[in-house]
Ligand SMILES: *Cc1c(COP(=O)(O)O)cnc(C)c1O
């Protein structure tokens, strides 16, 4: 495993699926990784990273940005309304827009700050109670709400249920995106990113397969 191995596997899947090679963005998910692991991947020239907590990202990425040019940081975890300002200052892309209150807060602060990250709307494709995301049946309406607010929505994101065939969820996400004219799909993690690429992912979020197992403490 490791960065170059994952890149190779993404490219061969792009090939197999008849997609243009290099089109899929690899987001290296660095949450809970020690700094030396992140530096190791930065030193290999990779610049696109994902974090799932605003607080953790605020502690490590401003420093890395000073040392390395061209970093693109993605928020892939839940966003509380009271952390929106901090998130807008830290992240280039947010993958977890999932409710009207959050959409309003982002719109208001984006206007105040004069810039807004690109946004993915998270869809709870498995309709799991404990999971964030809009329900599939409410996705079209919520996308329209976000567009009315003038938000730069670029695509959809999902995290399939752990015990189900991920492909069904990837296909459903693609269908909802297509009927809403959205071209980007954030889907696929360490265990299923090749399947996601085959089903049209434009962004895969890969952590442990690049960095090794996370520190759980
Ligand atoms: C942690 C996380 C990932 C990466 O998970 P791995 O299995 O380590 O690749 C991807 N997406 C989200 C939303 C995550 O929280």
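Just so it is clear, none of the values below were taken in a lab; they were calculated from the coordinates. Predicted model only: the values in this text are computed from it and were never measured. In this analysis, Cβ positions are derived from the backbone assuming ideal geometry, glycine residues included, and neighbour counts consider all displayed protein chains.
Sorting the segments 200-209, 34-43 by their residues' average number of neighbouring beta-carbon atoms within 10 angstrom, most packed first, yields 200-209, 34-43. Using C-alpha pairs below 8 Å separated by at least 6 residues, the relative contact order for the chain is 23 percent. Note on residue 115/residue 16: beta-carbon distance plugged into 1/(1 + (r/R0)^6) with R0 of 35 Å gives a FRET efficiency of 0.40.
Quick check of the Kirkwood formula: for the chain, what is the inverse mean of 1/r over all pairs of different Cα atoms, in Å? Show your work: numbers first, answer last.
Working: mean 1/r = 0.0569 Å⁻¹.
Here the Kirkwood hydrodynamic radius works out to 17.6 Å.
Distance between the pseudo-spin-label points of residue 89 and residue 56 (7 Å out from Cα toward the beta carbon): 2.1 nm.
Rounded to the nearest 0.05, the FRET efficiency derived from the C-beta distance between residue 104 and residue 47 at R0 = 35 Å is 0.65. In terms of other Cβ atoms within 10 Å, 145, 29 run from fewest to most in the order 145, 29. In terms of its Cα atoms, the range 91-130 spans 36, 19, 11 Å along the principal axes, sorted from long to short. Model label sites at residue 81 and residue 144, defined 7 Å from Cα along the beta-carbon direction, differ in position by 2.3 nm.
Label-to-label distance for residue 179 and residue 214 is 3.3 nm, based on points extended 7 Å past Cα in the beta-carbon direction.
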